[in-house]
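Written below as structure tokens is the structure these notes are about.
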Amino acid sequence: MRFRLQKLLDLASKEEELLKNELFRIRQEKSAIFENIEKTQQYIYKIKEEISSAETTGQELQFKIAIISQGENYLNSLWNKFYEMEKKEQEILDEYLEKRKQRLSLEKLKERKTMEYVTELNRKEIRIIDEIAEKKFFRERGEGTNGYI
């Protein structure tokens, strides 16, 4: 039996796999961005502690404030990137789930068509066996009466 939608099923499986890989890649990138956010936050916190706890000269203070300002700008850009990645992750996840649903639907259809095919083969086999048994029965019956019915 040949499933006429096999190419479509294969295509859906490949698309699902590609989306799954893309989703994995995006999640890794998102994780790396989040780690970078945490490191930057810790660094900014450390600089702020240095400012509040130590005696710093005017130049050092200006330099550290500039570092904090640059760090906060960088932190904002990281958060924006993180939110973009979250949005992209959700879009790909939705697309992946749709492709998965499509693939499962096609697999179910294939399974149902296979079962119908097997059922039809069984029916044909039973008809053939019944015909053979019927012919055998009438042949034996005909021979037992010397040709008279």
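One table, with the values for the structure above:
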{"quantity": "Matching entry among F34, F3 (being surrounded by 13 or more Cβ atoms within 10 Å (Cβ to Cβ) and part of a helix (DSSP H, G or I))", "calculated": "F34"}
{"quantity": "Qualifying position, being basic (K, R) and surrounded by 13 or more Cβ atoms within 10 Å (Cβ to Cβ), among K99, K108, K135", "calculated": "K99"}
{"quantity": "Count of segment 111-137 residues which are closer than 23 Å to R2 by Cα and either touching a Phe, Trp or Tyr at 6+ places or on another chain (Cβ under 9 Å) or of a type in the set (D, E) (or both)", "calculated": "6"}
{"quantity": "Residue among S105, S69 that alone is within 30 Å of Y45 (Cα to Cα) and small (G, A, S)", "calculated": "S69"}
{"quantity": "Selected residue [modelled with pLDDT of 95 or more, among the charged types (D, E, K, R) and either within 30 Å of R103 (Cα to Cα) or not in a helix (DSSP H, G or I) (or both)] from E86, E55", "calculated": "E86"}
{"quantity": "Residue within segment 125-137 that is under 19 Å from L9 (Cα atoms), out of contact with any helix residue (DSSP H, G or I) (no Cβ under 9 Å at 6 or more places or on another chain) and at pLDDT 90 or above present", "calculated": "no"}
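The values are calculated or read from the model by the stated rules, or taken from the named source; none is laboratory data. All figures in this text were calculated on a predicted structure; none of them were measured in a lab. Neighbour counts are summed over all protein chains in view; Cβ atoms, including those assigned to glycine, are modelled from backbone coordinates with ideal geometry.
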